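Structure record follows, encoded as structure tokens.
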DNA sequence: AGACTGTATTCATGGTTTTGAATGTGAGGA
DNA sequence: TCCTCACATTCAAAACCATGAATACAGTCT
């Protein structure tokens, strides 16, 4: 696979508004699926589908913690691309949610501004 | 159109190996279609098709000069994204071709390293 | 005008993506 | 064990993308 093909695959995974929103959230640090579900106001299955695309493209890693699954960006390239295209993390379009906002895990999970 | 949708459209246009090659060539400055045709070893119609995608996404501008058409990147964002993902212009994968390499316009056009 | 040259467009077809709906899975608690 | 919760996967239909082949178009030259 050439460098161009690899980069094209990365861009392809990012070429979707909802996946960009997800990645924008993950720029600030780990997040569980229920966090994204609340933040984006989308059905859980849909979020999970988009996360699968990002996972298969190697852009995110996941880690299981009890019932929840936390996602994070797997390298710095994606973050750098977002910084280039959307501006620094501080200027992110996504609301900063401290503590997981979803009804069930709000007291346990911590999503801090990196 | 939200910021995410706009960025997704840009990434979508870049999510193709040949279009990335084209943009990589254009990072160094203007280039005519026959230049790209020679540099990439692809049929002219195919190059033109990919250029149309880039044009419609607003990533490149074109300018006619006699029989030839010269293309250039239309803003700095695309260039910055390539720099982030592929490294500085000097490290480009594309061979530096000084003077248009195609058989017909080799003596007139100039494609200099920016 | 007619021919040629560089570039653009159209068309057809096969492949891939998108998305809602439904269902599966595995960990934890009663 | 059985239930629930958080998440993942499968399926199917519509929309969209990729690409070869053929053709159109607009300058330039004679």
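FYI, it's all coordinate maths here, none of it is from the lab. Fair warning: this is a prediction, and the values are worked out from it, not measured in the lab. Here the Cβ is made from the backbone with ideal geometry for all residues, glycine too, and neighbour counts use every protein chain on show.
Worth a mention:
- Cα-derived Rg over Rh, computed across the protein assembly as shown with Rh taken as Kirkwood radius: 1.07
- Remark: the residue B:1-residue B:65 segment gains 19.6 nm on full extension, using 0.36 nm per residue and subtracting the alpha carbon distance.
- Inter-copy separations for residue B:46, label at 7 Å along Cα-Cβ, nm, ascending: 3.8
- Taking the C-alpha atoms only, the angle from helix A:17-26 to the longest principal axis of chain A is near 70 degrees.
- Spatial separation of Cα centroids for the range B:32-56 and the range A:13-70, in angstrom: 36 Å
- Folded to 0 to 90 degrees: helix B:44-56 orientation relative to chain B principal axis, Cα: 40 degrees
- Here the scattering of chain B is modelled by Debye summation over its C-alpha atoms, one equal scatterer each and no solvent; at q = 0.14, 0.16, 0.21 Å⁻¹ the log10 of I(q)/I(0) is -0.54, -0.70, -1.20.
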